[in-house]
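Note sheet for the following structure.
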Amino acid sequence: MSARRRPSERLFRLVCLAATAGPLGVLAWLVGDTLVDGIDRLSWSFLASYPSRHAEQAGILPAVAGSLWLIVTTALIALPIGVGAALFLEEYGGRSRLARIIEINIANLAGVPSVLYGLLGLGIFVRTLGLGRSVIAGAATLALLVLPIVILASREALRTVPDGLREASYALGATTFQTLRHVVLPMALPGILTGAILAISRAIGETAPLIVVGALSYVTFVPDALDAPFTALPIQIYNWVSRPQEAFLKNAAAGIIVLLATMLVLNAAAVLLRHRLDARKP
Amino acid sequence: MNRTTASTGFERAVYAALLSCALVSIVTTVGILYVLASETVAFFTEVSLSEFLLDTQWTPLFADKHFGIWPLVAGTALTSSVAIATAVPLGLLSAIYMSEFAPRRLRAVLKPGLEILAGVPTIVYGYFALVVVTPVLQAWIPDMAGFNALSPGIVMGIMILPMVSSLSEDAIAAVPATLREGAYALGATELATIFRVVLPAASSGIVASVILALSRAIGETMIVAIAAGQQARFTLDPRVPIETMTAYIVQISMGDTPTGTLEYRTIFAVGSVLFVLTFAMNYLSHKLRRRLTLAE
């Protein structure tokens, strides 16, 4: 069969393969170029220094600290709400009209551009609630942004729990809450955690909403409270990219390496968790 | 007996708590609509709708202020068109490769590989567009400015490619095998089968994926804020600096525009236009995909 394939068909296959492999080549180019540009700047002092007007002395300490504050706070807000919403939709909502409306609404929210979440955060958290341009305002904004991811992943995880286990639990006289707490949630936990890691990985790279909410781009201190002003790693990178001097572009490349390495570790952890989950399935 | 009552009370509290978690998403939507609408209404008490829609200059930060949205719309249309022109051919061909040709083992590597493209932070793509792609384009194309629509457009196309390829692949995979077999039975070649039978049958799913990708391109912010420039310009020339709607919101947010001023409100007015555009496209794409699943 393959020997009889026409030249035009073979050519078309090649074009299709090139269209698939080409973008992956671009990805490799992107990573390779960033590594070449930034690897020289990577050092302990780059991680442990404050930003500076002198590119060679500048570092990302406030940016990394700000990102850590943001991510932990975001997770603390988004995870309970996201898992709660997933539990409601999967375990209580059923086919009710309200559940349908919430489902459609979540699908719509997933398509809203992230910069508009920034405007929401600016209008509601920074202004109306008076939180100012603070860690908590940024984290609350990011939490709403990643909520659809957490909800979708948690629902999928809840669906993998066999109904027989729920029924067995009820048959033993357990209440709905007891069933959720002792049977359903423990089984769904790896899947929920996978979703949580993916959501955090998304939040770490987000730039536009934080700029709109008012992250500062030149910060010479480490945030020490939820109401402190802050910067974040992507914001610091943006600040350096916006400068014309070559030396700052190298700093940006080094910052990108740190950002991508962090995301790589997080995603690897998510993949490992998913594997463990898959291995457990019958 | 007491225990049961206590437990039902508790159960009801759990239900209420979970319900309120689910309602957060509704509150978010209402919040977005409220913030955009209230500031946009305030904007239009100072700027007339006709100026917004008929003026061809956008200069809210200049002494001579103009509030015509078209330069920002043109900038957005330009970068998004370049992105779509990049993502659709590549995405469609790779969808065909994945569903029709790729050996299983290769597919198992390529598919997650492509998904990574959608997960790279946009700030990284912005750096790549500015530092790598633009200089390459400048070497090829005369009069290419350091900030332009072409470079971020192409890079954005790479970013949204996985969306086109994976949704199109789903649509192609959903084409019934009997249609292909029928085509082969009639003596059609492989290429004829793909282009005359499979792709037309999958067309509504493919169109849905393209619309969704377009919506993503319109809302994309950092790539264009970094590499396309921040000069609102009513042009369709991809070689010169322009400004998109999203980049304008970033530009104002980076400065220190005081709350409640007209300049501050412009970002919400622009945000409203952005919301309406992306929402309409997401809705259209959703309708098309629904039709597809119903047809199965």
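Numbers at a glance
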item	result
Per-region count, the range A:237-254, residues in contact with a helix residue (DSSP H, G or I) (Cβ under 8 Å, 6 or more places away or on another chain) and either closer than 13 Å to B:Met222 by Cβ or small (Gly, Ala, Ser) (or both)	8
Condition met for B:Ala228 (away from every other protein chain (no Cβ under 12 Å) and open to solvent by less than 30 Å² (accessible area, probe 1.4 Å))	yes
Candidates B:Gly157, B:Gly182 - the one that is part of a helix (DSSP H, G or I) and modelled with pLDDT of 95 or more	B:Gly157
Answer residue from the range A:1-28, given it is within 25 Å of the chain's Cα centre (by Cα) and more than 7 Å from chain B (Cβ to nearest Cβ) and is most open to solvent (accessible area, probe 1.4 Å) among those	A:Ala28
So B:Pro135, is it out of contact with any Leu (no Cβ under 8 Å at 6 or more places or on another chain), modelled with pLDDT under 90 and not aliphatic (A, V, I, L, M)	no
Qualifying positions in the range B:131-154 - surrounded by fewer than 24 Cβ atoms within 10 Å (Cβ to Cβ) and not in a helix (DSSP H, G or I)	B:Ile141, B:Pro142, B:Asp143, B:Met144, B:Ala145, B:Gly146, B:Phe147
Residue match in the range B:41-56 (condition: open to solvent by less than 60 Å² (accessible area, probe 1.4 Å) and in contact with a Ser or Thr (Cβ under 8 Å, 6 or more places away or on another chain))	yes
Meets criteria (of a type outside the set (Asp, Glu) and over 17 Å from the mean Cα position of the chain (by Cα)) for A:Pro113	no
Total residues in the range A:242-275, condition open to solvent by less than 40 Å² (accessible area, probe 1.4 Å), closer than 16 Å to A:Thr34 by Cβ and within 22 Å of the chain's Cα centre (by Cα)	9
In the range A:166-177, the residues that are touching a Phe, Trp or Tyr at 6+ places or on another chain (Cβ under 9 Å), free of Cβ contacts under 8 Å to residues at least 12 places away in the same chain and part of a helix (DSSP H, G or I)	A:Phe177
The range A:202-240, residues that are open to solvent by 10 Å² or more (accessible area, probe 1.4 Å), of a type in the set (Gly, Ala, Ser) and within 14 Å of chain B (Cβ to nearest Cβ)	A:Ala215, A:Ser217
Count of the range B:182-196 residues which are open to solvent by 40 Å² or more (accessible area, probe 1.4 Å), under 17 Å from B:Ala95 (Cα atoms) and more than 10 Å from chain A (Cβ to nearest Cβ)	1
Total residues in the range B:4-58, condition at the interface with another protein chain (Cβ under 7 Å from one of its Cβ atoms), farther than 30 Å from A:Ala174 by Cβ and either without any contact (Cβ under 8 Å) to a residue 24 or more places away in the chain or not in a helix (DSSP H, G or I) (or both)	4
Listing of helices (runs of 4 or more DSSP H) fully contained in the range B:197-296 that carry 3 or more residues being farther than 27 Å from A:Glu206 by Cα and free of Cβ contacts under 8 Å to residues at least 60 places away in the same chain	B:262-295
Candidate set: the range A:29-56, residues that are surrounded by 13 or more Cβ atoms within 10 Å (Cβ to Cβ) and more than 28 Å from the chain's Cα centre (by Cα); chosen: the one farthest from B:Tyr127 (Cα to Cα)	A:Ser52
Selection within the range A:186-219 - without any contact (Cβ under 8 Å) to a residue 24 or more places away in the chain and assigned to a helix (DSSP H, G or I)	A:Pro186
Tally of residues being of a type in the set (Gly, Ala, Ser) and surrounded by fewer than 18 Cβ atoms within 10 Å (Cβ to Cβ) across the range B:232-288	3
Selected residue (only one of B:Ala37, B:Ala102, B:Ala13 is farther than 26 Å from B:Gln251 by Cα, of a type in the set (A, V, I, L, M) and surrounded by fewer than 20 Cβ atoms within 10 Å (Cβ to Cβ))	B:Ala13
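Let's see how each residue does on (1) free of Cβ contacts under 8 Å to residues at least 60 places away in the same chain; (2) within 11 Å of chain A (Cβ to nearest Cβ):
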| site | (1), (2) |
| --- | --- |
| B:Ala102 | yes, yes |
| B:Val120 | yes, yes |
| B:Val124 | yes, yes |
| B:Ile141 | no, no |
| B:Asn148 | no, no |
| B:Ser165 | no, yes |
| B:Ser168 | no, no |
| B:Pro176 | yes, no |
| B:Arg180 | yes, no |
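The values are calculated or read from the model by the stated rules, or taken from the named source; none is laboratory data. None of the values given here were measured: they were computed from a predicted structure. We place every Cβ from the backbone using ideal geometry, glycine too, and count neighbours over all the protein chains shown. The protein model used for the area step is the full one, side chains on, heavy atoms only, and it has no ligands, DNA or RNA in it. Shrake-Rupley method; radii C 1.70, N 1.55, O 1.52, S 1.80 Å.
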